[in-house]
Amino acid sequence: MDLYFDNAATTRLSDEALEAYIKTEREFFANPSSVHSEGIRAKKELERIRGSIADAMHIPSSSLFFTSGATESIASVFSSLLFQEPGRVIISRIEHEAVASWLPILKRYGWDTVTLKAKGGIVDPEELEELLTPDTKLVAVMAVNNVTGAVEDIKALVNVVRSYEKKNGRRIFFFSDSVQALGKIDYDITELGIDGASFSAHKINGPRGIGMLYLRSPESFRPLAPAGGQEKGKRGGTENLPAIAALEKAVLMWTGNRESENRRIGEINRYIRNNLSSLGLEILSPENASPYIISFVSPLPSEVYVRMLSDKGIAASSGSACSNNAKGEGEKILLGMGIRSSKARNAVRISFSGSTDMESAEALIKAVKEIGNG
Ligand code: PLP
C-alpha cells in the first residue's frame, strides 16, 4: 500500500471504530424512534454515546447533534439563515467549499455577503471589527485550514464579535468549521465561546457519512428541514446508530491526552519542513500551523507532482485542486491568503494521522529528492 500522506482528505477507519460499527449494527438494529423495547434500547444507546462524546469534548450533551458529515452540519446552519430577514454574513476567504458555496446562494436571497482576507493564512481580528455592521447576523471562520493547516485565532475573533454585540445590542452567530481541529490542536469549544461548529468522523479515523453539529443555544436554532423531528427537531432522519458508535471510538481516540502524540507528529512535521526548505522548496503553511498539515510549492504543476509521488508509492494531494470534483478549490484558498497563482498552481499538501511515523517521513523526503525538479 502507498505511504499515505492524504489524511486531511480522509483517514483510515480504525479497527476499534469498525468493530463498534459492526457490534452496534448487530446489537442495536432497531430504530431509536420506535416505542418497542428494541427501539428503546437503541435510543438509550444513542443517548449514552451522545453523553460520552459530549464529555470528551467538554460540552453539554444537549448541544450535540449527529449529522451525515460536516457538509450537512454547515448546510444546516447556513440554510437556517434563509428563514431570517436578510442581513450581513461575513466569512473568511479560506473557508472550505462546504461553507464558501453558501455565499452565492445567500446573495441571491438578498444577503450582503463579505469576505475576510487571510494574509499569510491568518484572519485578522481588526479587519473583522471593521466589517461588522448592525445588521451582521453570522460570522464564519474555520478553526484550522484544510490546505495549509493555519490555525486561526478564534478566541480573538469571537471577542471582537462579542464586544460589538454589547455595543449594538444584537446577537451575532459565530460559526467555526472545526473539522481539521478536533484532537489535532489545542481546541476547547466552550473556552472559545463559539455558537456553532462542524465536525466530521472520517478525518479522525471514523467512518464516512457521519458528523456532528455543535449548537451552543439549540433552543433558538430553527433548521430548514426538521423532517421527522429526530435529534430534538434539529436534524430529521433516522439516526445512523452504528456509524455514531464508530464516531464515538474516533472521538475518544482523538481527545483526552493527545499532547505526547501531537508532539510526536510535530517532530515529524519539523523534520519534513526542514528537509523541504533545505531542498529550496517554499513552505506555504504558516509557522503556527497544525502539525498534521504541510503545504509546499513544488517545482511542477501540482497534479503532475502528485502523480510522480504516487508512482513512487506516496499518496499526497494537490494543494491547488484539493479534490478531483472541486478542482481549483484549494487554489482559491491559497489565492485567498494572498499567494500568487503561479505558486498556488504548484502547491502540494501532505497530511498526517496517528499512523504516520518517522520512517514514512524519511521515505517521503527520499522521493522528493529523487523527483528533484522533475
Ligand atoms: N470542512 C473542512 C475544513 C474539510 O476539510 C472538510 C472535508 O473535506 C469538510 C468541511 C467536509 O466534511 P465532510 O466530508 O464530513 O462533509
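Values in this text are rule-based calculations from the coordinates and carry no lab data. All values derive from a computational prediction rather than experimental measurement. We place every Cβ from the backbone using ideal geometry, glycine too, and count neighbours over all the protein chains shown.
Once you have the Kirkwood Rh of the stretch 257-371 from its Cα pairs, apply Stokes-Einstein at 4 °C and 1.567 mPa s and quote D in µm²/s.
Calculated translational D: 90 µm²/s.
Please list, in order along the stretch 107-121, the HN-Hα scalar couplings obtained from phi with the Karplus expression 6.51 cos²θ - 1.76 cosθ + 1.60 (θ = phi - 60°), rounded to whole Hz, x for Gly and Pro.
Per residue, the Karplus-derived 3J(HN,Hα) values read 4, 4, 9, x, 7, 8, 9, 10, 10, 9, 5, 9, 4, x, x Hz.
Along Cα→Cβ, 7 Å out, is where each label goes; now give me the distance between the ones at K166 and R12 in nm to one decimal.
Label-label distance for K166 and R12, simple model: 5.1 nm.
Could you please tell me the mean projected area of the C-alpha convex hull for the stretch 67-156, averaged over all directions and given in square nanometres to one decimal?
6.0
Which value, in debye to the nearest 20, gives the size of the charge dipole of the chain about its Cα centre, when Lys and Arg are +1 and Asp and Glu are -1 at the Cβ?
In total the dipole reaches around 580 debye.
Can you work out the Karplus-derived ³J(HN,Hα) for every residue in the stretch 79-93? Use 6.51 cos²θ - 1.76 cosθ + 1.60 with θ = phi - 60°, whole Hz, and x for glycine or proline.
5, 5, 5, 5, 7, 9, 4, x, x, 9, 10, 10, 10, 7, 7
Can you pull out the GluC sites (Glu not before Pro) in the stretch 236-312 whose DSSP state is coil and whose Cβ has at most 15 other Cβ atoms within 10 Å?
Sites meeting the loop and neighbour criteria: E282, E287.
In the stretch 9-89, with Lys and Arg counted as +1 and Asp and Glu as -1 at Cβ, which of these residues, H36, F78, A20, has the Cα nearest the positive end of the dipole, that is, farthest along it?
Final value for the positive-end residue is F78.
Given an 8 Å cut-off on Cα distances and at least 6 residues of separation, report the relative contact order of the stretch 1-83 as a percent.
12
With r as the distance between the Cβ atoms of N257 and K312 and R0 = 45 Å, compute the FRET efficiency 1/(1 + (r/R0)^6) and round to 0.05.
Efficiency computed from Cβ-Cβ geometry: 0.80.
With charges set only on the Cβ (+1 for Lys and Arg, -1 for Asp and Glu), what does the dipole of the stretch 267-374 come to about its Cα centre, in debye to the nearest 20?
In debye, rounded to 20, the stretch 267-374 gives about 340.
Over the stretch 214-345, what is the relative contact order in percent, taking alpha-carbon pairs closer than 8 angstrom and at least six residues apart?
Reported relative contact order: 10 percent.
Using DSSP to call loops (not H, G, I, E or B), can you name the trypsin sites (Lys or Arg not before Pro) in the stretch 189-271 whose Cβ has at most 15 other Cβ atoms within 10 angstrom?
Here the sparse-neighbourhood loop sites are R208.
Need the full-extension length gain, R26 to I365, defined as separation in residues times 0.36 nm minus the C-alpha distance. One decimal, nm.
Once the chain is fully extended between R26 and I365, it gains 117.6 nm.
Can you work out the Karplus-derived ³J(HN,Hα) for every residue in the stretch 333-342? Use 6.51 cos²θ - 1.76 cosθ + 1.60 with θ = phi - 60°, whole Hz, and x for glycine or proline.
Listing the rounded values in order: 5, 5, 5, x, 8, x, 8, 4, 5, 4 Hz.
What percent does the relative contact order of the chain come to when contacts are Cα pairs within less than 8 Å and at least six residues apart?
RCO, the chain: 24 percent.
From the helices alone, meaning DSSP H stretches of at least four residues, give me the mean residue ellipticity at 222 nm for the chain, per-run term -39500 (n - 2.57), in deg cm²/dmol to the nearest 500.
Mean residue ellipticity at 222 nm (helix-derived): -12000 deg cm²/dmol.
Amide H neighbours of S92 under 5 Å, counting only residues 5+ apart in sequence or on other chains, H built in-plane at 1.01 Å?
L116, A140, M142
How far apart, in nanometres, would the label points at Q84 and R208 be if each is projected 7 angstrom from Cα along the Cα-to-Cβ direction?
Those two pseudo-labels are separated by 3.3 nm.
I'd like to know which of L182, G209, F5 lies farthest towards the positive end of the charge dipole of the chain, counting +1 on Cβ of Lys and Arg and -1 on Cβ of Asp and Glu.
Toward the positive end, the furthest listed residue is G209.
Hey, can you grab everything whose amide H is under 5 Å from the amide H of T136? Only 5+ residues off in sequence or another chain; H modelled, so Pro and N-termini drop out.
R88
How large is the charge dipole for the stretch 45-96, taken about the Cα centre, if only the Cβ atoms of Lys, Arg (+1) and Asp, Glu (-1) carry charge, to the nearest 20 debye?
The calculated dipole for the stretch 45-96 is roughly 160 debye.
Using 12 Å as the cut-off for backbone N distance, which residues of the stretch 101-144 belong to the label zone defined by a point 7 Å from the Cα of S217 along Cα→Cβ?
none
Using a cut-off of 14 Å between alpha-carbon atoms, which aspartates and glutamates can reach K23, once sequence neighbours fewer than 8 places away in the same chain are excluded?
Partners within reach: D15, E45, E248.
Across the Cα atoms of the chain, what radius of gyration and what greatest pairwise Cα-Cα distance (Dmax) are found, in Å?
That works out to 20.9, 66 Å for Rg and Dmax.
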